[in-house]
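Q: The structure's right below; bear with me while I get my questions together.
The values are calculated or read from the model by the stated rules, or taken from the named source; none is laboratory data. All values derive from a computational prediction rather than experimental measurement. Note: ideal-geometry Cβ built from the backbone for every residue, glycine included; neighbour counts use all protein chains shown. SASA here: full protein model, heavy atoms, side chains in, ligands and nucleic acids out. Shrake-Rupley method; radii C 1.70, N 1.55, O 1.52, S 1.80 Å.
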Amino acid sequence: MNLQFFQSTPSITIIALLSGFIFGFLLQKAAVYRFDVIIGQFLLKDFTVMKVILTAIVVGSVGIYSLHAVGIIPKLLLSKTPIIFSLLGGSVFGVGMAISGYCPGTGIAALASGSKDVLVGLAGMIFGSIIFNELSYKLLPLINQQDSAYQQTIGSYFTLPSGVVIIALIGLWSVFFLWRKNTEQKIDLSNQKS
C-alpha cells in the first residue's frame with residue numbers, strides 16, 4: 001500500500017482546521033448534513049442543499065475573483081483534469097451520495113451529530129480513496145492529459161469577462177431564490193387552506 005499524505009506547515013494546518021470548523025458549523029446551521037434533507041433534494045422536495053450550494057458558488061466566485069483582482073491571490077489555480085474524468089468522478093460521487101444520502105463533508109457532520117447510518121458511506125469513501133491511491137500511478141497519465149477545457153474558467157471558455165460571469169451567477173442565484181420563495185409561499189398557503 002502506497003498511502004501518500006500531503007505535507008503541511010503549522011500555519012496551513014491551523015488554517016485548514018479553522019476552515020473545517022467554519023465549514024462544519026455552517027453545515028450544521030443549514031441542516032444539510034441530515035439524510036432526509038439531502039434525499040429531499042434528490043427527490044426535488046427540499047431545496048435546502050441547492051440553496052446552500054448556489055450561495056457557496058456565488059460567495060466563493062465573488063471572493064476568489066475579488067482577491068485575485070487586488071493581488072492577494074496572484075494566480076487562479078485551475079483544474080488540470082480533462083472534462084471526461086471530471087464527469088466520471090462527478091457521476092461516481094453523485095451515485096454514492098444518492099445511495100448513502102451523504103457526501104464527505106455532510107457525512108462527517110452527520111457522524112459528529114450522532115448518525116450511525118453514515119458509517120457505511122464513510123467506509124466506502126475510505127475504501128474508494130485507497131483503491132484510487134493504489135491505481136493512481138496508472139491513472140494519473142490519463143488524468144493529466146489536456147482537452148479543450150484544460151485550465152479554463154467559464155469566462156475564458158466562452159471569452160467573457162469574469163465580471164459578466166459573476167453577474168450572471170448572481171442573477172441565476174436571485175432567480176432561483178425568488179422562484180423557491182414564491183413556490184414555498186404557495187405550498188404554505190395551500191397547507192393552511194387544507
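Q: If you scan segment 91-147, which residues turn out to be modelled with pLDDT under 85 and of a type in the set (K, R)?
A: Hit for segment 91-147 is K138, nothing else.
Q: So, in segment 136-182, of the ones that are open to solvent by 100 Å² or more (accessible area, probe 1.4 Å) and of a type in the set (K, R), which residue ends up nearest to the chain's Cα centre (by Cα)?
A: So, considering only residues that are open to solvent by 100 Å² or more (accessible area, probe 1.4 Å) and of a type in the set (K, R), the one nearest to the chain's Cα centre (by Cα) is K181.
Q: Could you list, ordered by first residue, the pairs with Cβ atoms under 6 Å in which the first is in segment 151-178 and touching a residue at least 60 places away in the same chain (Cβ under 8 Å) and within 17 Å of L78 (Cβ to Cβ) and the second is surrounded by 12 or more Cβ atoms within 10 Å (Cβ to Cβ) and among the aromatic types (F, W, Y), at least 6 apart or interchain?
A: Correct list of pairs: S162/Y65.
Rundown of residues vs (1) in contact (Cβ under 8 Å) with a residue 12 or more places away in the chain; (2) open to solvent by less than 90 Å² (accessible area, probe 1.4 Å); (3) over 30 Å from L178 (Cα atoms); (4) of a type outside the set (D, E), yes/no style:
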| site | (1), (2), (3), (4) |
| --- | --- |
| I57 | yes, yes, no, yes |
| S61 | yes, yes, no, yes |
| S66 | no, yes, no, yes |
| I72 | no, no, yes, yes |
| L77 | no, no, yes, yes |
| P104 | yes, yes, no, yes |
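Q: Just the residues that are free of Cβ contacts under 8 Å to residues at least 24 places away in the same chain and either part of a helix (DSSP H, G or I) or open to solvent by 80 Å² or more (accessible area, probe 1.4 Å) (or both), please, taken from segment 38-51.
A: Taking segment 38-51 first, the residues free of Cβ contacts under 8 Å to residues at least 24 places away in the same chain are 40-41, 43-46, 48-49.
Scanning segment 38-51 gives G40, Q41, L43, L44, K45, T48, V49.
Condition check ((1) touching a residue at least 12 places away in the same chain (Cβ under 8 Å); (2) exposed (fewer than 11 other Cβ atoms within 10 Å of the Cβ); (3) outside any helix (DSSP H, G or I)) across all residues:
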| residue | (1), (2), (3) |
| --- | --- |
| S91 | no, yes, no |
| G107 | yes, no, no |
| G121 | yes, no, no |
| F132 | no, no, no |
